[in-house]
Amino acid sequence: MKTLWLAEKLAKKRLSRETSEYLRRLSEGPILATRGSAVELLGRLREQPGPEVTLGQTTWGEPVIVPLEELVMACGLTTGGTGTGKTMFALLIIDAMVKLLPHLEHMAFGVLDAKGELFDRSLYLLAQRLEALSSKNRRAFWNGSLSSISPQIRQ
């Protein structure tokens, strides 16, 4: 009788342990599938030709490198609380675009920024780029850029 009782106790512990392990693996299934899809997508994005922007990395360390064209051709809105990195995220994209000027003739971007920080930093990136260009490229940059800047800002 005692042997049967002991066998039952041991079986219950093993059954409980194995059930917990099975449920844990089962709950990780969707996470692993999603991660696999994300890795595949990020790999395809990295393989595309042309300029790219490194936006960071995933929680598992996969680099997030996106073709600039994908970002420029899309419409987007970045939201979040104060200090979450919205401005830095936008500046990564703007910086990649500005570095290609004046060679990207058909590229334009706008900055809507209630606080003004993103706008100021964008202007700084543009000024830095202007300083780095030769006088010929500077004129090309300036002539193309000023046509799209509003009159209030040009003054």
For this session: Would you list the membrane-span-like helices of the chain, meaning whole DSSP H runs whose alpha-carbon atoms span at least 18 Å along their axis and whose mean Kyte-Doolittle value is at least 0.5?
Result: 86-99
For this session: With a bin width of 10 angstrom, please list the P(r) values of the stretch 77-141 as percents of all Cα-Cα pairs, from the 0 bin to the one holding the largest distance.
Result: 20, 49, 23, 7, 0
Problem set entry | Candidate lysines - alpha carbon under 21 Å from Lys136, same-chain residues fewer than 8 apart omitted | Lys99
Seminar exercise, completed: Relative contact order of the chain (C-alpha contacts under 8 Å, at least 6 apart) in percent is 14 percent
Problem set entry | Relative frequency of Cα-Cα separations exceeding 21 Å in the chain, percent | 63 percent
Exercise. When you count, for each residue, the other Cβ atoms within 10 Å and take the mean per peptide, how do 47-60, 72-85 rank with the highest first?
Worked result: 47-60, 72-85
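For the stretch 1-67, take N as its residue count and report Rg(C-alpha) divided by 2.2 N^0.38 Å.
Relative to the rule-of-thumb radius for its length, the stretch 1-67 sits at 2.08.
Each value in this text was obtained by applying a stated rule to the coordinates, not by laboratory testing. Remember, it's a predicted structure, so these values are computed and weren't measured experimentally. Note: ideal-geometry Cβ built from the backbone for every residue, glycine included; neighbour counts use all protein chains shown.
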